[in-house]
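Scroll down for the structure; my scribbles are underneath it.
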Amino acid sequence: MAKLAVNVDHVATVREARGIDVPDPVLAAGLAELAGADGIICHLREDRRHINDRDLRLLRETVKTRLNMEMAAVDEMVGIASSVKPDMVTLVPEKREELTTEGGLDVMARPDHYREVVERLHQAGIKVSFFIDPDPEQVDAARGCRGDIIEIHTGHYSEAQTEDEAKKRFGRVARAAQAASSMDLGVSAGHGLNYMNIKRFEALPLVEEYSIGHSIVAMAVLVGFDQAVRKMIDLVKSL
Ligand code: PXP
């Protein structure tokens, strides 16, 4: 049965919009776990635009399921991860000017660098996932760099405007999932997934975990965090 990991970044985005201390992503993470989420995700960005160091530290102390820290593959973040010790790290590309993570990591472009980052994180006892576009060559590269898991970027799929486009883009996600699974890599998927477009993943049981943030936080504003997480869990568990 597929798992749901809830990304709490955008609870912190609402907090930062006012520059005060509520709503607290740490409390949201606790509620998500009480509702049945399998894991909690947060992205500590270089500019700390939503999640900050205090959040990460408290999440590490309080998350009972599994804490996945998204981060850029840079020295500062490798140092923080090695000391905070999330259960796993997801390496993502990061640009200051982007609104959200825009594309997958180009692992092929810097294999030596990523291999070294994976080695340092493994030494700290942390599993490593690569967030990549649905491209079999990137899957190969992630394997070559000794990643444990790949998270397939579903942003392109979720932005499809027509059924035909959605089918084609989903096909690419499916092929990348098959490639990863045949190499014994764990397979996750995320970005832009919502209560509607997740349903197509019924055709892809190879995906073991979904990483979902914005649509859950958007639903939570209207119906509450507990209900928003439970609704998504019902969908994910039925895939
Ligand atoms: N996976 C990764 C690697 C991400 O960077 C994000 C966005 O923070 C997500 C999943 C979740 O995307 P969304 O907020 O669109 O559900």
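The values are calculated or read from the model by the stated rules, or taken from the named source; none is laboratory data. No experiment lies behind these values; they were computed from the predicted model shown. A quick note on method: Cβ atoms are made from the backbone with ideal geometry, for glycine too, and the neighbour counts reach across all protein chains shown.
Observations on the model:
- Residues that are away from the ligand (no atom under 15 Å from the Cβ), in contact (Cβ under 8 Å) with a residue 24 or more places away in the chain and surrounded by fewer than 19 Cβ atoms within 10 Å (Cβ to Cβ) do not occur anywhere in segment 39-51.
- Any chance ALA17 is more than 29 Å from ARG120 (Cβ to Cβ) and either outside any loop (DSSP other than H, G, I, E, B) or modelled with pLDDT of 95 or more (or both): yes
- Test: residue in segment 102-111 that is in contact (Cβ under 8 Å) with a residue 24 or more places away in the chain, exposed (fewer than 15 other Cβ atoms within 10 Å of the Cβ), within 11 Å of the ligand (Cβ to nearest atom) and more than 19 Å from ILE126 (Cα to Cα): yes
- Filtered by the rule that a residue be more than 25 Å from ARG143 (Cβ to Cβ) and surrounded by fewer than 18 Cβ atoms within 10 Å (Cβ to Cβ), segment 201-229 gives GLU202, HIS214, ALA218, VAL221, LEU222, VAL223, GLY224, ASP226, GLN227.
- Pairs, first more than 14 Å from ARG54 (Cβ to Cβ) and in contact (Cβ under 8 Å) with a residue 12 or more places away in the chain in segment 18-35, second surrounded by 13 or more Cβ atoms within 10 Å (Cβ to Cβ) and of a type in the set (Phe, Trp, Tyr), C-beta under 7 Å, six or more apart: ALA28/PHE225; LEU31/PHE225; ALA32/PHE225
- Remark: SER238 falls outside the filter, which requires a residue to be small (Gly, Ala, Ser), within 19 Å of ASP148 (Cβ to Cβ) and more than 13 Å from the ligand (Cβ to nearest atom).
- Taking the listed residues GLY144, GLY224, GLY190, the one that is under 18 Å from the mean Cα position of the chain (by Cα) and modelled with pLDDT of 95 or more is GLY190, with no other qualifying.
- When LEU31 is tested against (1) assigned to a helix (DSSP H, G or I); (2) within 16 Å of the ligand (Cβ to nearest atom); (3) of a type outside the set (Lys, Arg); (4) in contact with a Gly (Cβ under 9 Å, 6 or more places away or on another chain), only condition (2) is not met.
- Elements of type helices (runs of 4 or more DSSP H) in segment 114-217, at least 3 residues being without any contact (Cβ under 8 Å) to a residue 60 or more places away in the chain, farther than 22 Å from SER238 by Cβ and away from the ligand (no atom under 15 Å from the Cβ): 136-144, 163-182
Residue-wise test of (1) of a type in the set (A, V, I, L, M, F, W, C); (2) more than 16 Å from GLY186 (Cβ to Cβ); (3) out of contact with any Gly (no Cβ under 7 Å at 6 or more places or on another chain).
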position: VAL84; (1), (2), (3): yes, yes, yes
position: VAL89; (1), (2), (3): yes, no, yes
position: GLU94; (1), (2), (3): no, yes, yes
position: GLU98; (1), (2), (3): no, yes, yes
position: ALA109; (1), (2), (3): yes, yes, yes
position: VAL117; (1), (2), (3): yes, yes, yes
position: GLY125; (1), (2), (3): no, yes, yes
position: ILE132; (1), (2), (3): yes, no, no
position: ASP140; (1), (2), (3): no, no, yes
